[in-house]
Amino acid sequence: SFIGEESVAAGEASILTDNPTWIIDPIDGTTNFVHRFPFVAVSIGFVVNKEIEFGIVYSCIEDKMYTARKGKGAFCNGQKLQVSGQEDITKSLLVTELGSNRDPEAIKIILSNMERLLSIPIHG
């Protein structure tokens, strides 16, 4: 099976089944792309039985290839990645994205979540 982000965004129905499925976003960061903000990637995932098996993200502007495989770790241009050992959220950097949904109910939820996050003494 195949799920394309651009067709889903255009309103096509998409149902994830247990079948092997490619999930592709050819312009991940479309809004960034439209505004010439240089954080754009091609994102590809492969799912079997509704579980991700591997993913590839190519950051075009940076010329960086991120890969990950279930149980095998994640890599950037072949170098193994690892999460930081930081366990104290007050010493962590928080990055968030508001999304493009401007439905009043969605905005309420997003702002409520942002309020909860901003009440934590975090960086970012």
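Report whether or not Gly4 is open to solvent by less than 90 Å² (accessible area, probe 1.4 Å), touching a Ser or Thr at 6+ places or on another chain (Cβ under 9 Å), over 30 Å from Leu118 (Cα atoms) and at pLDDT 90 or above. Criteria not met by Gly4. Residues in the stretch 24-40 that are without any contact (Cβ under 8 Å) to a residue 60 or more places away in the chain, surrounded by 12 or more Cβ atoms within 10 Å (Cβ to Cβ) and over 15 Å from Tyr58 (Cβ atoms): Thr30 alone.
Tell me which residues, restricted to the stretch 69-124, are part of a loop (DSSP other than H, G, I, E, B), free of Cβ contacts under 8 Å to residues at least 24 places away in the same chain and farther than 27 Å from Ile44 by Cα. Hits for the stretch 69-124 are Gly85, Gln86, Glu87, Asp88, Asp103, Ser119. Condition first: at pLDDT below 95, closer than 26 Å to His123 by Cα and surrounded by 12 or more Cβ atoms within 10 Å (Cβ to Cβ). Now tell me which residues in the stretch 60-91 satisfy that. Of everything in the stretch 60-91, those that are at pLDDT below 95, closer than 26 Å to His123 by Cα and surrounded by 12 or more Cβ atoms within 10 Å (Cβ to Cβ) turn out to be Glu62, Ile89.
Listed conditions (1) surrounded by fewer than 13 Cβ atoms within 10 Å (Cβ to Cβ); (2) under 30 Å from Asp18 (Cβ atoms); (3) modelled with pLDDT of 95 or more are all met by Gly99, apart from (3).
The values are calculated or read from the model by the stated rules, or taken from the named source; none is laboratory data. These numbers were taken from a predicted model, which means no experiment stands behind them. Cβ atoms come from the backbone with ideal geometry, glycine included; neighbour counts cover every protein chain shown. Areas reflect the complete protein model, heavy atoms only, side chains present, ligands, DNA and RNA absent. Shrake-Rupley method; radii C 1.70, N 1.55, O 1.52, S 1.80 Å.
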